[in-house]
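Beneath this line is the structure, given in structure tokens, with notes to follow.
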Amino acid sequence: MAVFEVRRGNSPVILGFPHTGTDLPSSIWERLNDNGRILADTDWHIHELYEGLLPGATTVRATFHRYVIDANRDPDGVSLYPGQNTTGLVPESDFDGQPIWKEGQGPAEADIAERLRDFHAPYHAALAAEIARVRAIHGIAVLYDCHSIRSHIPFLFEGTLPDFNIGTDRGKTCALEIERSVEEIASETEGYSHTLNGRFKGGWTTRHYGRPEQGVHAIQMELAQSTHLATEAPPFALDAAKAERLRRPLAAILERIGKIANELKRTGSEA
């Protein structure tokens, strides 16, 4: 199976999709229990939601499911949020803390090493190559990492998640202009809530690649799935009306990021 898809564009903006894939090798699928086979923790329809919003943007999408291995986790297994509930490099449970593997069929060290080699590493090699290509053309690259999650998950957070969850690792992963502009659009969009570096501060992808001083900026957008799904339960269907409404501020965000990237390129400012 192809573990990633790349669509090259000529914009300084790259869209990353590490969690929209639903492919699993049969050898891994057979080890999942009934709960695991629901694939509830997928970023449902996110690549469709962003389709065509920024003409010329490059996209890099993992086709494998995060239960194979999580492409947005540190390959060394270091937790993104020490002391808080989260899922690991190869999850043992879902976002509700419930087991996803049949008894005795969870991933062993050899499984993890194999999946790092065959899935995680190729995806990130492709993403790194596109970042390098775009930066070579423009002198700057902006990685916008696209995510979604259910708005109510007591195992991970209390209450209701805001609609727009912007993550820059407390401003470390991108220019201040990018962070401010994304938050500004989110805050001014009627009917949506937002937070900056709240429960989600940017995953490993954002933290690993975001090096503003080197001309590589990264920002994560975690959308509450209530903003675009008919219901946050199987079959996780896309609500066309919700999606169309949401696409407007997302398009504005990407357009603004593209403009800022071009301004930074012209001025030579990368911080």
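Helical runs assigned H by DSSP (4 residues or longer) give the chain a calculated mean residue ellipticity at 222 nm of -9000 deg cm²/dmol, each run adding -39500 (n - 2.57) before division by the residue total.
Taking the DSSP beta bridges with both ends in the stretch 122-271, the antiparallel portion is around 35 percent. By a 1.4 Å probe calculation restricted to protein chains, HIS217 has an accessible surface near 0 Å², given to the nearest 10.
Summing +1 for each Lys or Arg and -1 for each Asp or Glu among the other residues whose beta-carbon sits under 15 angstrom from that of VAL78 gives -1.
Please figure out what share of the DSSP beta bridges in the stretch 1-114 is antiparallel and state it in percent, rounded to the nearest 5.
Numbers: 6 of 11 bridges.
Given both bridge residues lie in the stretch 1-114, the antiparallel proportion sits at roughly 55 percent.
Of the listed residues MET221, MET1, the order by accessible area with a 1.4 Å probe, largest first, is MET1, MET221.
Share of carbon and sulfur in the accessible area of the chain stands at 50%, probe radius 1.4 Å.
Based on alpha-carbon atoms, the Kirkwood radius and the radius of gyration of the stretch 116-271 give Rg/Rh equal to 0.99.
So, for the chain, what is the accessible surface per residue at a probe of 1.4 Å, expressed in square angstrom? Can you show the working numbers first?
Details: 11460 Å² over 271 residues.
Ligands and nucleic acids excluded, the figure is 42 Å² per residue.
With respect to the chain, whose longest principal axis is taken over its alpha-carbon atoms, helix 176-188 is tilted by about 80°. Other residues within the sphere of radius under 12 Å centred on the Cβ of PRO162, judged by their own Cβ, net out at -2 (K and R +1, D and E -1).
Looking at the stretch 180-271, which GluC sites (Glu not before Pro) are in a loop (DSSP not H, G, I, E or B) and have at most 14 other Cβ atoms within 10 Å? Don't jump to the answer; show the numbers that get you there.
On the way: sites: GLU183, GLU184, GLU188, GLU190, GLU213, GLU222, GLU232, GLU244, GLU255, GLU263, GLU270; in loops: GLU190, GLU232, GLU270.
Answer by residue number: GLU190.
GNM on the chain, alpha-carbon springs under 10 angstrom: the most fluctuating residue among ASN165, ASN85, ASN72 is ASN85.
For the stretch 134-139, putting each phi into the Karplus relation 6.51 cos²θ - 1.76 cosθ + 1.60 with θ = phi - 60° gives couplings of 5, 5, 5, 6, 9, x Hz, in residue order, rounded to whole numbers and with x for Gly and Pro. Beta bridges assigned by DSSP with both partners in the stretch 4-269 are antiparallel in approximately 35 percent of cases. In order along the stretch 80-89, the phi-based Karplus estimate (6.51 cos²θ - 1.76 cosθ + 1.60, θ = phi - 60°) of 3J(HN,Hα) comes to 6, 10, x, x, 10, 5, 7, 10, x, 4 Hz; Gly and Pro are listed as x. LEU39 sits among other residues whose Cβ lies under 12 Å from its own Cβ, and their net charge, with Lys and Arg +1 and Asp and Glu -1, is -3. Counting only heavy atoms of the protein chains and using a 1.4 Å probe, ARG37 has close to 70 Å² of accessible surface.
Of SER187, SER148, SER93, the order by accessible heavy-atom surface (1.4 Å probe, DNA, RNA and ligands excluded), from most exposed downward, is SER187, SER93, SER148. Accessible area of GLU92 (1.4 Å probe, protein heavy atoms only, ligands and nucleic acids ignored): about 110 Å². Under 5 Å between amide hydrogens, built in the peptide plane, is the criterion, and for LEU143 it picks out ILE14, HIS217, ALA218, ILE219 among residues at least 5 positions away or on other chains.
The values are calculated or read from the model by the stated rules, or taken from the named source; none is laboratory data. Computed from a predicted structure; not experimentally measured. Note that we place each Cβ from the backbone using ideal geometry, even for glycine, and neighbour counts take in every protein chain shown. Side chains are part of the model used for accessible areas, which takes the heavy atoms of the whole protein and leaves out ligands, DNA and RNA. Shrake-Rupley method; radii C 1.70, N 1.55, O 1.52, S 1.80 Å.
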